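Before any comments, here is the structure.
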Amino acid sequence: MKIIMTLLIRDEEDILRDNILYHLNQGVDHFIVTDNLSKDHSLEILKDFAAQGFLSYIEEKEDVYAQADWVTKMARLAKTQFNADWVINSDADEFWWPKVGNLKNSLDGIPDEYDIITVPRHNFVPQNDFSRQKIDFMVLRYVKSKNSLGQPLPPKICHRGYADIEVRMGNHSCVRSQEMHVSPESPLEILHFPLRSYSQFENKILNGGAALERNDRDHTGGGTWRKLYSDSKMGLLSNYFNTEILNEDQITLGIKDQSLVIDERLVNFLRSKNIRG
């Protein structure tokens, strides 16, 4: 059983090392990472892991956020160069959590007739104490997560390794030349940390939204980024971020009405492996 994880990143230094170390400890064998014009220390982090043999990276200089093309390229390399049994196409703010055992145990138990697993995501909540926004302090999440448009947060997928795989925009679906079958059950879930600081959030939306506007290959995806980028042009981006920050009264009420839950699984795992956010 060989698991390859792909990542498409841009300026993710605050979470990237933790993400890679976490998934290595959960059974990922190798990473293929595309860095798209990072200006922080993300590329140095990739080079460090590459020197240890854990990671291969691609530097993508085109500023059009052609996510579907770039992830498809990595997903195919996962099979053709690394003989992947399973491929997980992830983002740096997503931590794939196995419900039992580790990722290898979980994926090895999928019956042979299934090619795809649909994996739900859970958004963790920013609080108003910004000294504690790193992921090793973020332990509150929504029971029913939504995206920035107020819609149910869509799941992601992982798939068996195929040389002809095509991953669609957003990593929510994939196709190939033959029919693929989706498992009716998922042994995994995703712990998602999209909002960690305003500077991180603003940088992601301004760069990603502008790049999406320049992408003339795929006009079907990125709806949440497009909306937030439009908000940024009207000076409304900070308004959205501020509405997502919860104060103590909101947290107390959310726990009471069961819209929020305290979830310390990732924090405890990071600390047990001496990985700090």
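The values are calculated or read from the model by the stated rules, or taken from the named source; none is laboratory data. Nothing here was measured: the structure is a model prediction, and the numbers come from that model. No Cβ is skipped: glycine too gets one built from the backbone with ideal geometry, and neighbour counts run over all protein chains shown.
Could you tell me whether residue 7 is under 23 Å from residue 216 (Cβ atoms), touching an Asp or Glu at 6+ places or on another chain (Cβ under 8 Å) and not in a helix (DSSP H, G or I)? So residue 7 does not fit the description; no. One residue is enough: does the range 256-267 have a residue meeting the conditions modelled with pLDDT under 95 and either of a type outside the set (D, E, K, R) or in contact with an Asp or Glu (Cβ under 7 Å, 6 or more places away or on another chain) (or both)? Yes, the range 256-267 contains a residue that is modelled with pLDDT under 95 and either of a type outside the set (D, E, K, R) or in contact with an Asp or Glu (Cβ under 7 Å, 6 or more places away or on another chain) (or both). Provide a single number: the residues in the range 21-62 that are in contact with an Asp or Glu (Cβ under 8 Å, 6 or more places away or on another chain) and either assigned to a loop (DSSP other than H, G, I, E, B) or within 20 Å of residue 97 (Cα to Cα) (or both). Residues meeting the conditions: 7.
Do the conditions hold for residue 144, that is, is it touching an Asp or Glu at 6+ places or on another chain (Cβ under 8 Å), closer than 30 Å to residue 262 by Cβ and surrounded by fewer than 15 Cβ atoms within 10 Å (Cβ to Cβ)? When the stated conditions are applied, residue 144 does not pass them.
Within the range 208-225, identify whether any single residue is at pLDDT 95 or above and either part of a helix (DSSP H, G or I) or touching a helix residue (DSSP H, G or I) at 6+ places or on another chain (Cβ under 7 Å) (or both), and answer yes or no. Lay out the reasoning, then the answer.
Filtering the range 208-225 for residues at pLDDT 95 or above gives none.
No, that holds for no residue.
Scanning the range 22-42 for residues that are surrounded by fewer than 19 Cβ atoms within 10 Å (Cβ to Cβ) and closer than 27 Å to residue 213 by Cα yields 37, 39, 40, 41.
Given the criteria exposed (fewer than 14 other Cβ atoms within 10 Å of the Cβ), under 18 Å from the mean Cα position of the chain (by Cα) and either modelled with pLDDT of 95 or more or farther than 17 Å from residue 28 by Cα (or both), does residue 134 qualify? So residue 134 does not fit the description; no. Considering only residues of the range 184-200 that are within 19 Å of the chain's Cα centre (by Cα) and in a loop (DSSP other than H, G, I, E, B), which is surrounded by the fewest Cβ atoms within 10 Å (Cβ to Cβ)? If we take residues in the range 184-200 being within 19 Å of the chain's Cα centre (by Cα) and in a loop (DSSP other than H, G, I, E, B), then 197 is surrounded by the fewest Cβ atoms within 10 Å (Cβ to Cβ).
Note on the range 86-118: among residues that are under 20 Å from the mean Cα position of the chain (by Cα) and among the polar types (S, T, N, Q), the one that is surrounded by the most Cβ atoms within 10 Å (Cβ to Cβ) is 89.
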